[in-house]
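J.: One structure is given below, represented as structure tokens, and several questions about it will come after.
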Amino acid sequence: MASNILVIGIAGGTGSGKTTLMRNIMEHFEGMVTVLSHDNYYKRHDELTFEERSGLNYDEPDAIETSLMVAHLLKLKNGQPIDCPVYDFTRHNRSDETIRLEPNPVIIVEGILIFENEDLRNLMDIRLFVDTDADVRLCRRIKRDVHKRGRSLDSVLHQYQETVKPMHEKYVEPSKKYANVVIPEGGKNLVALDMILGRIQRHLDNTK
């Protein structure tokens, strides 16, 4: 393993602020961070129709090909590039495209279920859980899915009630116990952000 690579896991419920925290880190250490998103590893379902794919539970661990993500993270930690899959949320299916990701001194692994899998979380040096009120998270999810993913309001609310909320309570919330640090309000928590940036800077200084 490349000892000069720091792997940071950022977990938390849907709409908790994981992306804001991640972007703040990336902006501060521009060009030194590789991001591996669990969302890109949703399983391919070419055998199903769009309607059938729309009805799948995307908030349970089995919906994601985590074993491939573990293999890719191991390659990055060994200093090797990967071809990361790309998921198309408008089609509810993995696309035919991939993105070439190069290893950097800092690797961020993000997703709602990344602490649920033992093999994946054991590859992380720092585990951060972004903890945000459920009402706030739902509002953010509605805005994201309607405006960025072309979903209807009814479909977003139905999915939230049927799978997102119960799976959060079953898998995401219990995985908080594996976090090293729990961060209320994510990227808007400037005290926590300052501590994280300082920890990353120390790592970079020690590996020069």
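J.: When you scan the stretch 104-208 for strands (runs of 3 or more DSSP E) that lie fully inside it, which ones turn up with 1 or more residues that are in contact with a Gly (Cβ under 6 Å, 6 or more places away or on another chain) and either under 24 Å from Val70 (Cα atoms) or not β-branched (Val, Ile, Thr) (or both)?
T.: Working: elements: 106-110, 126-131, 181-184.
Qualifying strands (runs of 3 or more DSSP E): 106-110, 126-131.
J.: Given the conditions (1) assigned to a helix (DSSP H, G or I); (2) open to solvent by 60 Å² or more (accessible area, probe 1.4 Å); (3) of a type in the set (S, T, N, Q); (4) farther than 15 Å from Glu116 by Cα, and given that Gln80 satisfies all but one, which numbered condition is not satisfied?
T.: Just one mismatch for Gln80, condition (1).
J.: Turning to a different aspect of this structure: Can you name every residue in the stretch 98-133 that is modelled with pLDDT under 95, open to solvent by 10 Å² or more (accessible area, probe 1.4 Å) and within 15 Å of Ser37 (Cβ to Cβ)?
T.: If the condition is that a residue be modelled with pLDDT under 95, open to solvent by 10 Å² or more (accessible area, probe 1.4 Å) and within 15 Å of Ser37 (Cβ to Cβ), then Ile112 is the only one that fits.
J.: Ok, one more. What residue, of Met22, Met32, Met69, is of a type outside the set (Lys, Arg) and surrounded by fewer than 21 Cβ atoms within 10 Å (Cβ to Cβ)?
T.: Details: Met22 fails: surrounded by fewer than 21 Cβ atoms within 10 Å (Cβ to Cβ); Met69 fails: surrounded by fewer than 21 Cβ atoms within 10 Å (Cβ to Cβ).
Answer to the check: Met32.
J.: Being hydrophobic (A, V, I, L, M, F, W, C) and more than 13 Å from the chain's Cα centre (by Cα) is the filter here, so list the residues in the stretch 113-123 that pass it.
T.: Start the filter on the stretch 113-123 by keeping residues that are hydrophobic (A, V, I, L, M, F, W, C), which leaves 113-115, 120, 123.
Within the stretch 113-123, just Leu123 meets the criteria.
J.: Still on this model: Take the residues in the stretch 9-29 that are at pLDDT below 95 and in a loop (DSSP other than H, G, I, E, B); name whichever of them is farthest from Tyr171 (Cα to Cα).
T.: Filtering the stretch 9-29 for residues that are at pLDDT below 95 and in a loop (DSSP other than H, G, I, E, B), the one farthest from Tyr171 (Cα to Cα) comes out as Gly17.
J.: Please go through the stretch 164-187 and give me each residue that is more than 21 Å from Met22 (Cβ to Cβ) and surrounded by fewer than 19 Cβ atoms within 10 Å (Cβ to Cβ), ordered by number. Quick ask: steps written out before the conclusion?
T.: Here is the first cut: in the stretch 164-187, the residues more than 21 Å from Met22 (Cβ to Cβ) are 165-167, 169-170, 174, 177.
Scanning the stretch 164-187 gives Lys165, Pro166, Glu169, Lys170, Pro174, Lys177.
The values are calculated or read from the model by the stated rules, or taken from the named source; none is laboratory data. Since we're looking at a predicted model, the values are computed, not measured. Here Cβ is always computed from backbone atoms with ideal geometry, including for glycine, and neighbour counts include all displayed protein chains. All accessible areas refer to the heavy atoms of the entire protein, side chains included, with ligands and DNA or RNA removed. Shrake-Rupley method; radii C 1.70, N 1.55, O 1.52, S 1.80 Å.
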